[in-house]
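Enquirer: Have a look at the structure that comes next, please.
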Amino acid sequence: MSNNSLLPIGLTLGSIMEDTSAANAVQDRDHKFLTKAIEEAYEGAECGDGRPFGAVIVRNDELIVSCHNMVLRNTDPTAHAEVTAIREACKKLNQIYLCGCEMYASCEPCPMCFGAIQRSRIKRLVYGARADAAAAFGSAGFISDALRGTGFHEKAHLEIKKAGGTLAVIAEEVFERTSSRFRAVN
């Protein structure tokens, strides 16, 4: 009786070894690119561009862009590492969707960044630190908060009003009148 006879049907020692080898390769790749995102976080903090967050975008094991938080440098509250990386990758690849790409972020993305990641159609996200590690920097409201509807950023500190009447109809007509130009883009 061989050792393979003790395994579930369809599995062999060879297939398990191949799966383990593939898992190790993914783990090594994840380690490599997440390390680069963490290095970006340090770089951004050291040069004063923004808070210590970094992100890289990879396609087919090739580094496309490596970015850090640029909020202070650009005087732009949306210039988080993840958003900056998405913007740069789209420019570099000359496309608006990053379907075949993966993102490595030094920390769990905030809801804005998570929305941008989803919107850009990145296929995989790997992040290092949990949100609470960044709380000391005043960062609050991350993926878990967005999914639960909790956290600082989920509380609207502004008045939000939906227009009504003729103006609302005119605003909605924009989509009807231009839809033929954008159907293929989605």
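The values are calculated or read from the model by the stated rules, or taken from the named source; none is laboratory data. Not measured: the values here are computed from a predicted model. Note that each Cβ is placed from the backbone with ideal geometry, even for glycine, and that neighbours are counted across all protein chains shown. These accessible areas exclude ligands, DNA and RNA; they are computed on the full protein's heavy atoms, side chains included. Shrake-Rupley method; radii C 1.70, N 1.55, O 1.52, S 1.80 Å.
Enquirer: Which value in nm describes the separation of the simple spin-label points at GLU39 and ALA163, placed 7 Å from the Cα toward the beta carbon?
Expert: 4.9 nm
Enquirer: Still on this structure: Please compute the length gained on full extension between GLU176 and ARG59, using 0.36 nm multiplied by the number of residues separating them and subtracting their Cα-Cα distance.
Expert: Here the segment from GLU176 to ARG59 would lengthen by 38.5 nm.
Enquirer: Ok, one more. Keeping every protein chain in place, order ILE64, ILE170 by accessible area at 1.4 Å, biggest value first, i.e. largest first.
Expert: Ranking ILE64, ILE170 by accessible area, largest first, yields ILE170, ILE64.
Enquirer: Here's a follow-up. Within 15 Å, Cβ to Cβ, of MET103, how many net charges do the neighbouring residues add up to if Lys/Arg are +1 and Asp/Glu are -1?
Expert: Overall, the nearby charge balance is +2.
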